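Working notes, beginning with the structure itself.
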Amino acid sequence: MSMWLFITSLVITAFICNSPAYAYDNNPLQDICVAVNDSQASVFVNGKICKDPKLATPNDFFASGLNVRGNVAPGFGFYAKFVDVNNMPGLNTLGISIGRLDLEPLRFIPFHTHPRAAELITILEGTVLAGFLVPDPANFYRSRLFSKTLNPGDVFVFPQGLIHFQYNVGLKKAIFLATFNSQNPGIFMITSPNIASDLPILNDILAKGFQLNKTQIALLGKKFF
Ligand SMILES: *[C@@H]1O[C@H](CO)[C@@H](O)[C@H](O)[C@H]1NC(C)=O
Ligand SMILES: *[C@@H]1O[C@H](CO)[C@@H](O)[C@H](O)[C@H]1NC(C)=O
């Protein structure tokens, strides 16, 4: 390859790698980058600094426990357990993580989004109604619902950032795995954080936001806490 061709392809590659579409969970620039587990040493941009590769061990790339359900979400009765860069440091810079969700019959994982990842779910047991909302470009006060009833072996994807839910509509418990194209997908619940925030959102603002009066806002708050 001529020097110029080499330089041109280098510049094009650098451009593609820096384009906004790749601005998170980049492809790794090294073979391994095991996260240092030290809050003082954290880089709060995306990812964590790398341990000296010579000090990496097989356990950095290992997690266990997805054979049992996780902790229960208070109020909603679903169980969640995640393996991400925070408990599996070898995931650092790899742009991938996984979780296990358990739902008793008629239990619901309410509307939420993952700001940094698409989520692919695979049903292991039970029947789950899953859906996500797509903003309607013709009227952004409305959305379109895309939903499916899923059975064992079925796979469904929630595009990155879109609001979604999972509902056990079957008669027995449901279990599914959720994989994310981020080492740290994040989670943002839609309903309760609108009511409970730190600092508190003024009742006036809540009333205007939900088009309710203050009595109704107080009732809504009590339903969540
Ligand atoms: C990281 O450190 C915290 C606090 O010392 C500890 O609770 C946690 O288990 C550690 N995580 C890993 C993956 O070692
Ligand atoms: C709030 O709205 C409810 C339902 O429309 C109504 O019954 C109630 O009187 C209203 N309260 C106030 C203080 O306006």
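Which of the residues spanning region 96-112 are buried (at least 20 other Cβ atoms within 10 Å of the Cβ) and either without any contact (Cβ under 8 Å) to a residue 24 or more places away in the chain or not hydroxyl-bearing (Ser, Thr, Tyr) (or both)?
Just the residues of region 96-112 that are buried (at least 20 other Cβ atoms within 10 Å of the Cβ), to begin with: 97, 99-103, 109.
Result: Gly99, Arg100, Leu101, Asp102, Leu103, Ile109.
Yes/no per residue for (1) in contact (Cβ under 8 Å) with a residue 24 or more places away in the chain; (2) under 30 Å from Ile49 (Cβ atoms); (3) within 16 Å of ligand 1 (Cβ to nearest atom); (4) acidic (Asp, Glu):
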position: Phe76; (1), (2), (3), (4): yes, no, no, no
position: Arg116; (1), (2), (3), (4): yes, yes, no, no
position: Phe132; (1), (2), (3), (4): yes, no, no, no
position: Asp136; (1), (2), (3), (4): no, no, no, yes
position: Phe140; (1), (2), (3), (4): no, no, no, no
position: Phe156; (1), (2), (3), (4): yes, no, no, no
position: Ala174; (1), (2), (3), (4): yes, no, no, no
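Looking at region 113-132, which of its residues are within 16 Å of the chain's Cα centre (by Cα) and buried (at least 17 other Cβ atoms within 10 Å of the Cβ)?
As a first pass, look at region 113-132 and keep what is within 16 Å of the chain's Cα centre (by Cα): 113-122, 130-132.
Within region 113-132, Thr113, His114, Arg116, Ala117, Glu119, Ile121, Ala130, Gly131, Phe132 meet the criteria.
I'd like to check something: does region 116-133 contain any residue that is more than 30 Å from Ser42 (Cβ to Cβ) and outside any strand (DSSP E or B)? Let's see the steps before the verdict.
To start, the set of residues in region 116-133 that are more than 30 Å from Ser42 (Cβ to Cβ) comprises 122-133.
With the extra rule that they be outside any strand (DSSP E or B), the set shrinks to 126-127.
Yes, because at least one residue in region 116-133 is more than 30 Å from Ser42 (Cβ to Cβ) and outside any strand (DSSP E or B).
Tell me yes or no: at least one residue of region 66-77 is part of a strand (DSSP E or B), aromatic (Phe, Trp, Tyr) and away from ligand 2 (no atom under 16 Å from the Cβ).
Applying the first criterion (part of a strand (DSSP E or B)) to region 66-77 yields 71-72.
Imposing the further condition that a residue be aromatic (Phe, Trp, Tyr) reduces the set to none.
Checking region 66-77: not a single residue is part of a strand (DSSP E or B), aromatic (Phe, Trp, Tyr) and away from ligand 2 (no atom under 16 Å from the Cβ).
Bear in mind that the values in this text are calculations on the coordinates, not laboratory data. Only a predicted model underlies this, so the values are computations on that prediction, with no experimental measurement involved. Backbone-built Cβ (ideal geometry, glycine too); neighbour counts: all protein chains shown.
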